[in-house]
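Below is one structure, written out as C-alpha cells, with a few remarks after it.
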Amino acid sequence: MSNAEMPEIDEQIINGTTDDDIFLKYALKTLPLTSFKFRGFVVLTLTDVTQQQSLAYIKERLWKLRADERHDKSLFEDLHIAVKSLLNSNKIEIGAMPFLLLNDKMVRKLDDDHGLLCNSKIDETEICTFFKKIEASGKPVIISDIRKESDLSLFVSKLLKSTPYLSYAAIPIMYQQKILGILELYASEPDIISAEKIKPLESLYAELAQLMKMGHEIFQHSIHEVISNRFTVIQPSVAWKFNEVAFKYFQQQMTHGKVIETVPIVFESVFPLYGAVDIRNSSLIRNNAIRADWQLQLQWLQKMTKELAPFNLLEIQKLIQRQIDFFNKNNIDRPISSETISIWNTLDRTMQKLVKVAMQEKPEIVPICQAYIEAIDINTGSCSINRRNLDVSMQQVISGIDLLLDEMNKKMQQIFPAYYNKFRTDGIEYDLYVGKSINPQMDFNTEQLHMLHALQLEYMRKVALSNAAQQHALLVPLQSTQLIFVNTDVIDITFREDEKRFDVEGAYNIRYQMIKKRIDKIHLLDSSERLTQPGKIAIVYFNESDVADYRTQLQELKEKGMFSNLEYLELEELQGITGLKALRVTIEDI
C-alpha cells in the first residue's frame with residue numbers, strides 16, 4: 001500500500017522474465033520500497049542447535065588434542081569455553097586430573113593439569129582412595145550446595161574447604177571398568193551443578209576416555225624415555241640393535257631350549273666425540289676444606305679437654321690427646337691420603353663411643369660432651385661447615401654443567417642418532433659415538449660431523465660462561481676447565497654383557513680410552529703450565545688433519561668475537577704416548 005507516485009514499469013520485463021532473481025533485482029532497483037507498507041504474518045519454526053554444535057565442536061577439539069604433540073594451551077582454553085557453552089553456564093569452572101600411578105603410588109601436578117584435585121594440599125594417599133571409591137561405584141559425585149549437603153563425605157568437605165566453591169561434581173572417566181581420571185566441575189554459586197545439568201557431558205565420555213588413555217601412555221613413555229636416556233645403555237638410538245639380538249636369543253631358546261651362541265652387539269666405524277669439564281684444583285680445594293674443618297674440631301677438643309679435666313676421665317683424655325696430635329701432624333700443605341681419612345674416621349668413632357658411655361656414668365658431663373658431638377655432626381655441626389659449603393657449591397656447579405650437556409646431547413641427536421655416555425669424575429666427562437652403523441637407515445656425512453663439532457664448541461663455551469656467571473653465588477668459588485680430545489680415526493664399540501656397558505674394541509681402539517684418562521692434567525711441553533685453564537677451551541690431537549674442521553670453525557668464531565687468542569701448542573710426553581698437540585682458545589663474553 002502506497003500513496004507516493006509510482007515509476008513506470010516496463011511490461012516487457014514483467015511479462016517476459018521467467019527468472020525470479022532477475023525480476024527481484026529489477027523490482028528492488030525500480031520500486032521505492034520506503035513508500036510501501038506491508039501487513040501480514042509469517043510462520044517460523046526455530047530449532048535450538050546450540051547443544052549439538054557445542055558437542056561437535058568439543059569432539060573436534062578433543063581429537064585435535066590427541067594429535068597435538070605440542071600440548072597447545074589454546075586448545076585447552078577453547079575446550080574449556082566450549083564445555084561451558086554445552087552446559088549453558090559461564091559460572092562453571094572445569095578441571096581434570098588423570099589417575100597416574102608410579103610404583104603403585106599416585107602422582108599428580110604434571111604438565112598443565114588443572115582443577116581442585118590437582119592443586120589441593122590433600123595427601124596423595126587420600127586422593128587415591130577417593131579415585132578408588134568412584135571407580136567402584138562408577139558414578140559421579142555431585143554436590144549441588146555444600147551448605148545443605150547432609151551426607152557430605154569428609155574428603156569432599158576437605159577438598160572444598162578454604163575455596164569459594166559451593167557446588168561441585170567429580171565425574172569418573174572410565175575405560176574397561178578402570179578409572180583413567182576425573183573430570184571436575186565446580187561453581188561458587190549453589191545449585192549451578194546438578195545431575196540434570198551435567199547430563200549433556202555423557203556424549204563426550206568416549207572421547208574423554210580416549211584422551212585420558214593417551215595421556216597415560218604418554219606418561220609411561222616419558223618415564224621410560226628418561227630412564228633410557230639417563231640410566232641405561234639401551235638408549236633410543238641403539239635400541240633397534242638390542243631388539244634384533246634379543247629376537248635371535250629368543251629363536252635359540254625356542255629351537256634348542258637354551259642360548260647356545262652369544263650374539264655380539266657391535267657398532268663399527270663410529271666417530272668418537274669426547275669432552276671433559278673439570279673443576280680446577282678440586283682435590284686441593286677439598287683438602288683445604290677438610291683441613292679447615294680439622295682446625296675447628298681441634299679447637300673443640302682443646303676446649304673439651306679443659307672442661308673435662310676435673311672429672312678424671314683418663315681414657316677419654318688420652319684419646320683426645322691422640323686426636324690433637326693427629327690434627328697437628330696433618331696440618332701441613334700436602335695431599336690427604338685415603339689412609340689418613342680412615343685414621344681420622346676411626347678416632348672419631350672411638351671417641352663418640354667412649355663419650356656416650358661416660359655420659360651415662362657421669363651425667364654432669366653431658367652438656368660438655370653433647371655440645372662436642374653436635375659440633376662434629378657431618379650434616380649440621382660447625383666442624384663440617386667448610387666441607388658442606390664445598391659440597392653445596394660443587395653440586396651447584398655440576399648441576400649447571402649437567403643441564404647444558406644434556407641440552408647439547410638433545411640437539412646432537414636431532415642431527416644424527418648417536419650413542420651418548422656421560423659420567424662423573426671431579427667434573428663431568430662425556431663420549432658421543434656417531435656413524436652409519438648406529439642408524440643404518442640414514443647416511444652419515446661430513447656436513448653432519450661438522451654440525452656436531454660446532455655444537456660441541458658452542459656448548460663448551462656455554463659451560464665456561466655459565467660457570468663464570470655463577471661464581472658470585474657460590475659459597476666456595478669453583479672454576480671449570482673445558483677439554484676436547486679428537487681421535488685420529490673411527491673406532492668400534494662393543495656391548496659387554498658381563499659389565500652391562502659399551503666399551504671400545506681392539507688394541508688400537510683401547511689406546512683411545514687410555515689417552516682420555518691421561519690428558520686431563522697434561523702440561524705444555526717444557527713447562528709447568530697446565531693445558532686446561534678456566535675461561536679457555538683446549539682441543540688435544542695428534543695430526544693437523546684431525547682438527548682441520550675445529551680450526552676453521554674457531555677462526556670463524558674468533559672473527560665474530562666469541563673467541564680470542566687461538567694458540568697452537570705442543571704437549572709433554574706421557575707414559576706410552578708421544579706427539580700430542582693442542583689448540584687452545586680464550587672464551588669471550590660478547
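The values are calculated or read from the model by the stated rules, or taken from the named source; none is laboratory data. Here the structure is a predicted model, which means the values were calculated and not measured. Please note: Cβ atoms are built from the backbone with ideal geometry, for glycine as well, and neighbour counts cover all protein chains shown. Just so you know, the surface numbers come from the protein's heavy atoms only, side chains and all, with ligands and any DNA or RNA stripped out. Shrake-Rupley method; radii C 1.70, N 1.55, O 1.52, S 1.80 Å.
Some observations on this one:
- Given (1) touching a residue at least 24 places away in the same chain (Cβ under 8 Å); (2) open to solvent by 30 Å² or more (accessible area, probe 1.4 Å); (3) of a type in the set (A, V, I, L, M, F, W, C), index of the condition Val463 fails: (2)
- If you go through segment 245-277 and keep only what is open to solvent by 20 Å² or more (accessible area, probe 1.4 Å) and in contact with an Asp or Glu (Cβ under 8 Å, 6 or more places away or on another chain), you end up with Gln252, Thr262, Val266, Glu268, Ser269.
- Taking segment 201-254 as the range and being among the basic types (Lys, Arg) and at pLDDT 80 or above as the test, the residues that pass are Lys213, Lys241, Lys248.
- Given (1) free of Cβ contacts under 8 Å to residues at least 60 places away in the same chain; (2) under 29 Å from Val270 (Cα atoms); (3) surrounded by fewer than 15 Cβ atoms within 10 Å (Cβ to Cβ), index of the condition Thr425 fails: (1)
- Pair list, Cβ under 7 Å, 6 or more apart: segment 395-411 residue over 16 Å from Gln479 (Cβ atoms), other residue open to solvent by 50 Å² or more (accessible area, probe 1.4 Å) and modelled with pLDDT under 95: Leu405/Lys422
- So Thr255, is it more than 20 Å from Val434 (Cα to Cα) and in a helix (DSSP H, G or I): yes
- Residue in segment 411-435 that is farthest from Ser237 (Cα to Cα), counting only those that are at pLDDT below 95 and outside any strand (DSSP E or B): Asp426
- Taken together, Asn565, Asn509 contain a single residue that is in contact with a strand residue (DSSP E or B) (Cβ under 6 Å, 6 or more places away or on another chain), closer than 22 Å to Leu465 by Cα and touching a residue at least 12 places away in the same chain (Cβ under 8 Å), which is Asn565.
- Scanning segment 557-590 for residues that are hydrophobic (A, V, I, L, M, F, W, C), within 39 Å of the chain's Cα centre (by Cα) and more than 15 Å from Ser527 (Cβ to Cβ) yields a total of 8.
- Residue within segment 330-342 that is of a type in the set (D, E, K, R) and more than 28 Å from Leu284 (Cα to Cα) present: no
- Condition check for Lys462: more than 27 Å from Ser269 (Cβ to Cβ) and modelled with pLDDT of 95 or more: yes
- Verdict on Arg280 being open to solvent by 70 Å² or more (accessible area, probe 1.4 Å), in contact (Cβ under 8 Å) with a residue 60 or more places away in the chain and of a type in the set (D, E, K, R): no
- Only listed residue being at pLDDT 90 or above and under 19 Å from Leu101 (Cα atoms), chosen from Pro164, Pro172, Pro140: Pro172
- Matching residues in segment 438-468 - criterion: being assigned to a loop (DSSP other than H, G, I, E, B) and touching an Asp or Glu at 6+ places or on another chain (Cβ under 8 Å): none
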